[in-house]
Amino acid sequence: MTGGLPQALESLLTTSLPGLFGGGKVGLTVGGGLLEIDQEESADATASEPRPDDRVDDLGFDPDDPAGPYTLTQPPYPGPRRVWLVTGSGDRLPLRPGEVVWDRTDARSFSLALRPQRDVSAVTGVRVLYGVTAVYTKVKAVQTLDVRLKSSDAGLLERAESLVVAVIQLNRRRLADEAQASYEDGDYGAVLELKNVGLVRGTEPEENARLLLLRAELELKASRALAEDEGIPIERILTAGRPVDPDRPIDVHIDVEA
């Protein structure tokens with residue numbers, strides 16, 4: 001359940017230290033180890049019940065037609081929505097409420113009315129954060145990973161071990177971003193996020209080899225698509241037999257007999 005962490009870690013090390021790993025001077029192997037589920041943190045009594053949740057959609061941006069329209073992947077729950085323009089370098093530019101026009105008949109659809117001075121030359125996407133009704137739960141876990149280094153040159157092996165420690169410690173945020181993974185099949189989905197990763201210890205398991213042990217804190221968000229009759233928000237609370245007042249979504253008449 002490491003997602004893309006082993007591949008992200010191996011790619012980070014080989015690209016950051018080409019003098020060691022690029023020419024095969026030092027052998028590098030990254031593998032997964034023991035997975036431990038946090039039973040207390042992962043126990044969720046409401047896992048099967050629809051409830052409010054946050055959703056983030058990353059939508060494509062066409063510079064030739066920046067207005068859109070754009071369509072959310074899920075019906076939004078009533079409440080605030082935040083929209084950003086995203087650049088190719090990952091920067092997020094927040095949009096003002098007046099720059100986002102929501103469709104009155106289709107809650108999932110919106111268009112952009114960008115200010116004339118907006119520079120969209122570097123924009124590649126539109127990100128939207130909004131509320132939804134979902135069935136989900138979160139599973140927290142800790143997994144160990146092994147980074148094995150091998151070389152017949154003792155001095156080179158010592159150098160490689162120290163530099164690998166430095167690269168990992170200085171790029172934990174990058175590893176977390178690149179290790180995120182998402183899986184879907186049928187009505188079910190799982191999003192795996194790396195919350196933290198750090199070195200635990202280093203050993204010399206055999207001659208000409210060094211073994212670094214890493215500890216990765218993971219969180220898996222499991223979700224299920226809603227059925228048509230699930231998660232419908234309450235729009236009105238009325239007293240039976242009383243006429244509907246469009247200006248009063250909550251109209252409860254209390255009749256108490258003394």
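Along Cα→Cβ, 7 Å out, is where each label goes; now give me the distance between the ones at residue 51 and residue 187 in nm to one decimal.
Simple spin-label model gives 1.9 nm for this pair.
Give the accessible surface of the range 1-41 per residue, rounded to a whole number of Å², with probe radius 1.4 Å and ligands, DNA and RNA excluded.
54 Å²
So what J values fall out for the range 66-71 if you push phi through Karplus, 6.51 cos²θ - 1.76 cosθ + 1.60 with θ = phi - 60°, rounded to Hz, Gly and Pro as x?
x, 5, x, x, 10, 10
For the range 130-136, in order, what is each residue's ³J(HN,Hα) by Karplus, 6.51 cos²θ - 1.76 cosθ + 1.60 with θ = phi - 60°, in whole Hz (x at glycine and Pro)?
8, x, 9, 9, 9, 9, 7
Starting from the 7 Å offset along Cα-to-Cβ, what nm value, one decimal, do you get for the label separation of residue 146 and residue 204?
1.9 nm
What dipole magnitude, in Debye to the nearest 20, does the range 120-183 give about its Cα centre under +1 on Lys/Arg Cβ and -1 on Asp/Glu Cβ? Let's see the in-between values first.
Numbers: 9 positive and 6 negative charges, 62 e Å.
Here the size comes out at about 300 debye.
Could the peptides 164-172, 114-122 be put in order, highest first, of the mean number of other beta-carbon atoms found within 10 Å of their residues?
The peptides rank, most packed first, as 164-172, 114-122.
Take 146, 54 and sort them by solvent-accessible surface of the protein heavy atoms, 1.4 Å probe, largest at the top.
Largest accessible area first, the list is 54, 146.
In whole Hz, with x marking every Gly and Pro, tabulate ³J(HN,Hα) for the range 87-103 from phi via Karplus 6.51 cos²θ - 1.76 cosθ + 1.60, θ = phi - 60°.
Each residue of the range 87-103 in turn: 8, x, 8, x, 5, 10, 10, x, 9, 6, x, x, 8, 10, 10, 8, 5 Hz.
Along the charge dipole of the range 16-111, pointing to its positive end and built from +1/-1 on Cβ of Lys, Arg, Asp and Glu, which listed residue (100, 33, 71) has its Cα farthest out?
Most positive-ward Cα: 100.
The values are calculated or read from the model by the stated rules, or taken from the named source; none is laboratory data. These numbers were taken from a predicted model, which means no experiment stands behind them. Positions of Cβ are generated from backbone atoms using ideal geometry, with glycine treated the same way; all protein chains shown enter the neighbour counts. Each accessible area value is taken on the protein alone, full model and side chains, heavy atoms only, with ligands, DNA and RNA left out. Shrake-Rupley method; radii C 1.70, N 1.55, O 1.52, S 1.80 Å.
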